[in-house]
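Report on the structure given below.
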Amino acid sequence: MPRIRPLQRASNLLGRTSLGPLPLRHYVKVPTRNCSCSTPQQFQQSPTLRGEKTSRNGQLNPTTFNPPKPPVSADHREVAKLHDLFITSPLSPGSPLLFPNGAYIFQKLQDFLRAQYPQFGYKEVITPTIYKKSLWEKSGHWENYAEDMFSVQGRGATGQTENAQAGEDEEFGLKPMNCPGHCLLFWGEGELKSYRDLPVRYADFSALHRNEISGSLTGLTRVRRFHQDDAHIFCRPDQILSEIEQTLRFVGMVYDTFNLGPYKLLLSTRPEDHFIGTEEEWARAEEQLTTALNNSGREWAINKGDGAFYGPKIDIILRDATGKEHQTATIQLDFQLPQRFDLQYQASPEELEAGPISAGDKNIPPSMRRPVIVHRAIYGSLERFMALLLEHYAGTFPFWMSPRPALIVTLNDDPDVLAYAARVQAVLAGIPEPTSSIATDVSNNSKPTPQQLDAVHLPIDIDSSARGLGRKFHDARVKKYNHAIIIGREEVESETVRLQMMSQPNQSAALKILSLLLKREVTDQDRLKSGALNVGLKMEEARGYFLGLVKSFL
C-alpha cells in the first residue's frame with residue numbers, strides 16, 4: 001500500500017539523526033505534492049557514503065544511487081499509439097481506456113504476479129471500491145488524505161453521520177488504497193487468530209482512485225484511476241525481518257525477469273512533525289528495515305522524513321525516458337492501523353513470557369498481542385509500471401507479454417492458402433481449429449468445448465490483404481511483430497510454415513529454444529542472405545517454439 005501524503009512541512013528539509021554507523025547515503029526531499037504510489041519521486045543527493053558490495057542472495061539485481069534512463073529514448077505515449085494500447089478522454093480525466101492490445105499487456109502483468117503468489121504464500125482477495133466516511137476516519141485517511149479522495153453521496157445522502165439510518169445518510173469515499181479493507185478481512189474470517197496463523201498475506205488488484213491535480217495528469221504515469229499489486233502481510237513482531245527479506249527477494253526476482261535495473265533503493269524515515277505512534281515504535285521499525293536492507297547486500301540510501309505517517313518504508317526508484325524518477329515497489333511497516341482497527345491475535349508462550357513490547361499491546365487483554373502490518377507492492381501502480389516497461393522496451397516486447405507475437409503473412413489470395421492460414425492461426429494461438437468460426441458464424445451449431453485453465457492463448461494476427469510481400473513485411477516491422485509466419489502454396493502442400501524472426505528480443509536465447517525443439521543447430525541454410533532467420537517448421541513445431549518462449553519469459 002502506498003504511503004499517505006503528509007501535510008506539507010518545512011521540517012522535511014531538516015536532518016534527523018541517522019540510525020547509527022550504517023553504510024548509508026542521504027537524500028533531501030524536494031518538497032512536492034506527492035503520494036508514493038502515483039507521484040514521481042524527485043530527490044537531490046548529498047555526498048555519497050559507502051554501501052555494501054556483496055549480496056547474500058544471487059537473485060537480487062544490483063542497485064545504484066543513479067538509476068539509468070531506458071537504453072532507447074521512447075515516450076510511452078508514442079509507443080502506445082504505435083501498438084494501439086490506450087487512449088485518454090476528457091470525459092474521464094486521468095482514467096486511461098485500454099484497447100485489447102493494452103489490456104493484453106496489463107493482464108499479463110497481473111497473471112505473472114498471480115503465478116508467483118502461491119510460492120510466496122499470498123492469497124488474493126477482492127474488496128469494495130467504496131466505503132463510508134467513518135471507515136476512513138477510523139483509519140486516519142480522512143484527516144490526512146481527504147483532499148486527494150473522491151467523495152461520493154448516495155440516495156438521500158446528507159453527509160452527516162449523527163442519527164443516520166444504518167449509515168445510509170453517511171458520506172462515502174472511493175478508496176485510494178486497500179489497507180482498511182484488508183483490516184476488515186483480518187477480523188472477518190470468524191475465528192480469533194492464533195500466533196500460529198500468522199503471517200496472513202492478502203493480495204489485491206482492485207482499482208483505486210485518487211483526485212490528482214488535473215495539470216499533473218500524464219499518460220499512464222500520473223493518473224486518477226489505477227490498479228496496484230497491493231498486498232498486506234499481518235505478522236508477529238518476530239516475523240517482520242523475515243517478511244521484509246522475503247519481499248526484497250520477491251522484488252529482485254520480478255525485476256530480474258523484466259530485466260529492469262539497476263534501481264535506487266531508499267529507506268524513508270519518520271516525519272519530523274506529522275506521524276502517529278511513539279518514537280520508540282518508529283525506531284524499532286526503522287531498525288528492522290535497516291537490518292533487512294543491510295542483509296540484502298545492496299546499496300541503499302536514507303530519504304529523511306519521507307515515511308508514511310504510520311510507519312517507515314523502503315522504496316524502489318526507476319527512471320523514465322526523460323530521466324524523471326518514479327517510485328515503483330514499496331515495502332512499508334505499520335504499527336498504527338492494527339491499533340486503530342483493534343486487530344489482535346492470541347500470543348505465543350514466548351510473547352507472554354516477554355510481556356507487552358509496544359504501547360498497543362498494553363490496551364488489550366494480557367493473552368493477546370497486536371499484529372504488525374507490512375504494506376507491500378512489487379509493481380506499485382500497474383499503469384505506471386506498464387509505462388516504464390513501454391519505454392524500457394521501446395515497443396519491442398518480450399514474446400510472453402507481446403500483444404503482437406506473430407503475424408501470418410499470406411503470399412496470395414488463393415482460397416486454399418487463406419483456409420490453411422486460418423488453420424495455422426488457430427494452432428499457433430492455441431485455440432480449436434476452425435471448421436467455421438463460432439465467434440462470427442451465427443449458423444454454426446457445433447458444440448463448443450471448454451478450454452483448459454492453463455491453456456496458453458496467443459494473439460496471432462493475419463495479413464491476407466492483396467498487397468505485396470515487401471509492403472506487408474514493412475508494416476510488420478514498423479508494428480514490431482516478434483515473428484512473421486509466411487504461408488504460400490508450397491507451405492499448404494507440405495503442411496508447414498516458414499518462420500522469420502523480426503522484433504524478437506534476446507534472439508540468441510530464442511534460437512537456443514528453437515534448436516532444442518528441432519534437435520539440431522540452426523545453420524546458414526535456415527537463414528536468408530541478409531542473415532535473418534527463415535526456417536521451415538511443422539505447425540506443431542512452431543507452436544512448441546512459441547510455448548518455449550512463453551515459459552522462458554523471452
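The values are calculated or read from the model by the stated rules, or taken from the named source; none is laboratory data. Because the structure is a prediction, the values reported are computed rather than measured. Note: ideal-geometry Cβ built from the backbone for every residue, glycine included; neighbour counts use all protein chains shown. These accessible areas exclude ligands, DNA and RNA; they are computed on the full protein's heavy atoms, side chains included. Shrake-Rupley method; radii C 1.70, N 1.55, O 1.52, S 1.80 Å.
Please determine, by comparing only the residues of the stretch 415-437 that are surrounded by 15 or more Cβ atoms within 10 Å (Cβ to Cβ) and part of a loop (DSSP other than H, G, I, E, B), which one is modelled with the highest pLDDT. Applying the filter and picking the extreme gives G430. Annotation: of all residues in the stretch 300-320 being open to solvent by 10 Å² or more (accessible area, probe 1.4 Å) and either among the hydrophobic types (A, V, I, L, M, F, W, C) or at pLDDT 90 or above (or both), the one that is nearest to the chain's Cα centre (by Cα) is L318. Would you confirm, using the coordinates I've provided, whether I513 is out of contact with any Asp or Glu (no Cβ under 8 Å at 6 or more places or on another chain), of a type in the set (A, V, I, L, M, F, W, C) and more than 30 Å from M253 (Cα to Cα)? No, not satisfied.
When only residues in the stretch 265-290 that are polar (S, T, N, Q) and not in a loop (DSSP other than H, G, I, E, B) count, which is surrounded by the most Cβ atoms within 10 Å (Cβ to Cβ)? First the steps, then the outcome.
To start, the set of residues in the stretch 265-290 that are polar (S, T, N, Q) comprises 268-269, 278, 288, 290.
In the following step, the residues that additionally are not in a loop (DSSP other than H, G, I, E, B) were identified as 268, 288, 290.
Details: S268: 28, Q288: 19, T290: 21.
This residue is S268.
When you scan the stretch 450-457, do you find a residue that is more than 23 Å from W400 (Cβ to Cβ), outside any helix (DSSP H, G or I) and not assigned by the TED database to the domain that holds Q116, even just one? Please lay out each step first, then the result.
Here is the first cut: in the stretch 450-457, the ones more than 23 Å from W400 (Cβ to Cβ) are 450.
Pick out the ones that are also outside any helix (DSSP H, G or I) and you get 450.
Among the residues that remain, those that are also not assigned by the TED database to the domain that holds Q116 are: 450.
For the stretch 450-457, residues more than 23 Å from W400 (Cβ to Cβ), outside any helix (DSSP H, G or I) and not assigned by the TED database to the domain that holds Q116: present.
When the stretch 87-123 is filtered for residues that are open to solvent by less than 60 Å² (accessible area, probe 1.4 Å) and out of contact with any Lys or Arg (no Cβ under 9 Å at 6 or more places or on another chain), the ones remaining, listed by number, are S89, G102, A103, Y104, I105, F106, K108, L109, Q110, F112, L113, Q116. Beta carbons closer than 9 Å, at least 6 apart along the sequence or on distinct chains, pair a first residue in the stretch 175-189 that is closer than 22 Å to D148 by Cβ with a second that is among the acidic types (D, E) and part of a helix (DSSP H, G or I) for P176/D148.
Residues are listed down the side, and each one gets a yes or a no for (1) farther than 30 Å from R222 by Cβ; (2) aliphatic (A, V, I, L, M):
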position	(1), (2)
T328	no, no
R340	no, no
Q346	yes, no
P349	yes, no
A354	yes, yes
D361	yes, no
I364	yes, yes
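Within the span defined as the stretch 92-104, every residue fails to be in a loop (DSSP other than H, G, I, E, B), out of contact with any helix residue (DSSP H, G or I) (no Cβ under 7 Å at 6 or more places or on another chain), at pLDDT 50 or above and closer than 25 Å to A292 by Cβ.
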